[in-house]
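Trainee: Before I ask anything, let me first share the structure, which is written out below as structure tokens.
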Amino acid sequence: MSWQVTAHVYGGKQSSPATQEEYRAAVNTLNDIGRALRARGKLWQQSVSDLEQSRLSVPSCPKLQSGLPYSTSGEHVTLPYDQLVTTCNDRAASCESVGNQISDLSDLLVRAHGLYSEAELRSRKIFNEVAQAATQFKPGWATLFLGSVAVGGLIGSWMQEGKVNPAAASRATAPFQEGYMSGIGSLLSGLPLGLGALRTDEVNKAAGNISGVSGPVKNATQGNKLTVRQVESKTEVVGSSTSVAQSLENLRRLGEERLGTIELNSGLNYATIAIQRYERDDGTNAWLVTIPGTDGQSDSPFDWEQNVELMSGDAEQRKKADSARMVVEAMKQAGISSDEPVALIGHSQGGIVAAEIAADQSEQYNIQHVVTAGSPVANHPIPSKTWVTSIEIEDELVAALDGTQNPSTENWLTVRGTVSSGPDETEESSTPTYEAAPVQGSSENYELSHWLKYHQAAYQNASDLGSPSVQSHEEHFKQTIAGTLKETKYYEGRMSR
Amino acid sequence: MTCDTGSYSACACHTVVENDRVAITALARSDKDLNNIARTSLAQAQQIDWSGNAADMYRKRLQTFAAAMDAYDCDATTAARLAQGGAS
């Protein structure tokens, strides 16, 4: 068994109302046909039972029971019951199977065009607000409840895999994570009960309060002197890109190489980002900045505490986060000027940094597109001129840490992936159904879906769907970095006293 | 029910067979009507403006299902013929 991800698309450029109506009409038609065929299948199935009963309904008539209409048997009659039953059974199975397949196509159409995404978002918002209010009202009970659900998940993984798997706890608690975080955020930010329904930035306010303490403590322990230097890579880690998918793959390679989880023999170390210059036909430059996530090293600007500062609702606190400072410094060293188009792509903390720069450095840089993977950035005040493509997995806790859903606007697209177990290799059909995309290299057991390969699979599935929203964002990203790759520079950051 | 082997009209097998004939023939007939509706609807559903890998697969499968409706017509015909007492 392996894992696969089914993508749902929210926001982005929608089709015209007339076109949406056409899609809905097609969905209704397919659903009607699917239902009618399944109902017809049941009728054929019922006819099989009826025929079998009929055949035996006259016990003293051997001719009827024989099912041999051409045999000589006086004046009695029968029907070729065996053949009839076989034909009716085949017909029942066909109707059931085709009916289901047609309904599956209808679901695909719904997903590809996000036909009910707004309704889904509204439902989730209501659910989150209720969970938030409950958490704020009875935090102890809410924590106990969430803990119990998590323990249930752990026990389930123990029964299934023979060992306790933390990823199962994240999966079990997934529906409650945003609401719970928002409730805790409301408590920590001192928000009166009930007011949470009117705002979405409770976690960011709380993060601001916490980082008011954690930032100085971090500065005292880790130091606040940031050193950013260009480093050379012995091999190509971040290659040329013309798409979000390629850039995600480059992001994964850099992220895993700097942590040593893959061996590309580049010599790159932790807290390293990549900045690429693309030259357009008219000689002007475009830039792509690739930013991996938290590495947890004691002298790294991408340590754990910086996440709290980056999540603050206060712009000045966010700007002080070492990881954001490092990327801005690297962009300065790379020579990016204020009018040159820039795309930023980041995973986890890297995505928050990208959102922070788009929000807080919009005067200094021309940030045209931000791609985040597994990053809680819903409340970052990114200006509408910047397009945002966010990829999140339903059961990854990290993306839920903002306590709310991302804005659903034309310029802000969210691809939300749902993980499920994939078909066994022997079951795999040669014809893809696009119900989900496989997670390359995933293990048999539950694993944390915060791994970038899950986001890559979600984006792959969303791309395969041919959603107009995804296509327009893909095109915008492509245009932002259009040109020939001229140089790739790597920058490493270190903290000291 | 009982069967009087000496009386043609008295044996219930005739009623049973006739009822089964009527039921299967009616089911087969309405099956063809449904297949016709399905063919038309599937053709309409192909007309939407949608491109990409999933859209290609969607159209291909709708065409496959539409073609399958012809085969299902044959199945229904076969069932009706069998119900009339004929061989398939």
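The values are calculated or read from the model by the stated rules, or taken from the named source; none is laboratory data. This is a predicted model, so every value here is computed, not measured. As a convention, Cβ positions derive from the backbone with ideal geometry for all residues, glycine included, and neighbour counts pool all protein chains shown. Each accessible area value is taken on the protein alone, full model and side chains, heavy atoms only, with ligands, DNA and RNA left out. Shrake-Rupley method; radii C 1.70, N 1.55, O 1.52, S 1.80 Å.
Trainee: Using only the C-alpha atoms of the range A:358-470, find the volume of their convex hull and express it per residue in Å³.
Mentor: Hull volume normalised by residue count: 111 Å³.
Trainee: Given the convex hull of the Cα atoms of the range A:134-270, what is a quarter of its surface area in nm²?
Mentor: One quarter of the hull surface, i.e. the mean projection, equals 13.3 nm².
Trainee: Output the 0 to 90 degree angle, nearest 10, between the alpha-carbon long axis of helix A:322-334 and the longest principal axis computed from the alpha carbons of chain A.
Mentor: For helix A:322-334, the angle is close to 70 degrees.
Trainee: Looking at the range A:36-145, I'd like the Rg to Rh ratio, where Rg is from alpha-carbon atoms and Rh is Kirkwood's inverse mean 1/r.
Mentor: 1.45
Trainee: Below 8 Å between Cα atoms, with a sequence gap of 6+, how large is the relative contact order for chain A in percent?
Mentor: Once normalised by length, the contact order is 24 percent.
Trainee: With every protein chain present, what accessible area does A:Leu195 have (1.4 Å probe, heavy atoms only), rounded to the nearest 10 Å²?
Mentor: 70 Å²
Trainee: Treating only the Cβ of Lys, Arg, Asp and Glu as charged (+1, +1, -1, -1), what charge dipole size does the range A:1-147 show about its Cα centre? Round to the nearest 20 debye.
Mentor: Computed charge dipole of the range A:1-147: roughly 440 debye.
Trainee: Same structure again: Just want the answer: with Cβ charges of +1 for Lys and Arg and -1 for Asp and Glu, which residue in A:Ala437, A:Val398, B:Ala23 is farthest toward the dipole's positive end in the protein assembly as shown?
Mentor: Farthest along the dipole direction, towards plus: A:Val398.
Trainee: List the aspartates and glutamates whose alpha-carbon lies under 13 Å from that of A:Lys319, not counting same-chain residues fewer than 8 positions away?
Mentor: A:Glu309, A:Glu329, A:Glu356, A:Asp360
Trainee: Residues of the range A:298-330 with backbone nitrogen within less than 15 Å of a virtual label 7 Å along the Cα-to-Cβ line of A:Thr221, please, listed as ranges.
Mentor: A:298-309
Trainee: May I pose another question? To check you understand DSSP bridge types, tell me what percent of the beta bridges within chain A (both residues inside) are antiparallel, rounded to 5.
Mentor: 60 percent
Trainee: May I ask you to list the lysines whose Cα is less than 24 Å away from that of A:Lys138, ignoring any residue fewer than eight positions away on the same chain?
Mentor: Within reach: A:Lys125, A:Lys205.
Trainee: Right, something else. Per-residue Cβ counts within 10 Å, from other chains only, averaged over B:16-29: what number is that?
Mentor: 5
Trainee: The range A:179-287: which GluC sites (Glu not before Pro) are DSSP loop and have at most 14 other beta-carbon atoms within 10 angstrom?
Mentor: A:Glu232, A:Glu236, A:Glu263
Trainee: What's the angle, to the nearest 10 degrees (0 to 90), between helix A:81-112's Cα axis and the longest principal axis of chain A?
Mentor: Approximately 20 degrees, to the nearest ten.
Trainee: Continuing with the same structure: I'd like the mean, over residues of A:35-42, of how many other protein chain beta carbons sit within 10 Å of each residue's own Cβ.
Mentor: Shielding by partners across A:35-42 averages 2.
Trainee: Using just the alpha carbons, could you tell me how many Å³ per residue the convex hull of the range A:224-496 encloses?
Mentor: 133 Å³
Trainee: Whenever you get a sec, compute what percent of the accessible area on chain A sits on carbon and sulfur atoms (1.4 Å probe).
Mentor: 54 percent
Trainee: If you average 1/r over all unlike Cα pairs in the range B:12-83 and invert the result, what Kirkwood radius do you get in angstrom?
Mentor: Here the Kirkwood hydrodynamic radius works out to 14.0 Å.
Trainee: Keeping all protein chains in the complex and leaving out DNA, RNA and ligands, what accessible area do you get for A:Ile126 with a 1.4 Å probe, in Å² to the nearest 10?
Mentor: Per-residue accessible area (A:Ile126): approximately 110 Å².
Trainee: Given the range A:253-327 reduced to its alpha-carbon atoms as identical point scatterers, what log10 I(q)/I(0) does the Debye formula return at q = 0.11, 0.17 Å⁻¹?
Mentor: So the normalised log intensities are -0.37, -0.74.
Trainee: Same structure, new question: Please work out the FRET efficiency for the pair A:Ser2 and B:Ala67, using the Cβ-Cβ distance as r and a Förster radius of 41 Å; give the result to the nearest 0.05.
Mentor: Approximately 0.80, to the nearest 0.05.
Trainee: The range A:191-344: percent of C-alpha pairs farther apart than 18 Å?
Mentor: Here the long-distance tail beyond 18 Å is 65 percent of all Cα pairs in the range A:191-344.
Trainee: Right, another one. Label-point separation (nm) for A:Glu75 and A:Lys385, each offset 7 Å from Cα along Cα-to-Cβ?
Mentor: In this crude label model, A:Glu75 to A:Lys385 measures out at 9.9 nm.
Trainee: Could you give the dipole magnitude of chain A about its Cα centre, charging the beta-carbon of Lys and Arg +1 and that of Asp and Glu -1, in debye to the nearest 20?
Mentor: Roughly 800 debye, rounded to the nearest 20.
Trainee: In Å and whole numbers, how far do the C-alpha atoms of the range A:119-188 stretch along each principal axis, longest first?
Mentor: 38, 31, 14
Trainee: Calculated FRET efficiency, A:Thr433 and B:Thr15, Cβ-Cβ r, R0 60 Å, to nearest 0.05?
Mentor: So, using R0 = 60 Å, E works out to roughly 0.80.
Trainee: Which whole-number value in Å³ per residue fits the convex hull of the alpha carbons of the range A:454-497?
Mentor: Looking at the range A:454-497, the number lands at 149 Å³ per residue.
Trainee: Same structure again: Can you pull out the chymotrypsin sites (Phe, Trp or Tyr not before Pro) in the range B:6-82 whose DSSP state is coil and whose Cβ has at most 16 other Cβ atoms within 10 Å?
Mentor: Of the chymotrypsin sites (Phe, Trp or Tyr not before Pro), the ones in loops of the range B:6-82 whose Cβ has at most 16 other Cβ atoms within 10 Å are B:Tyr8.
Trainee: Among A:Ala324, A:Trp387, A:Ser312, flag the residue with its Cα farthest along the positive direction of the charge dipole of the protein assembly as shown, charges on Cβ as +1 for Lys/Arg and -1 for Asp/Glu.
Mentor: A:Ser312
Trainee: Okay, next question. Under the Kirkwood approximation for Rh and a Cα-based Rg, what ratio Rg/Rh is obtained for chain A?
Mentor: 1.12
Trainee: Next question, about the same structure. Checking the cross-link filter: which lysines have an alpha carbon closer than 21 Å to that of B:Lys32, excluding same-chain neighbours under 8 positions apart?
Mentor: In chain and number order, the partners are A:Lys42.
Trainee: Continuing with the same structure: Rounded to the nearest 100 Å², what is the sum over both chains of accessible area buried where A meets B, with a probe of 1.4 Å?
Mentor: 4200 Å²
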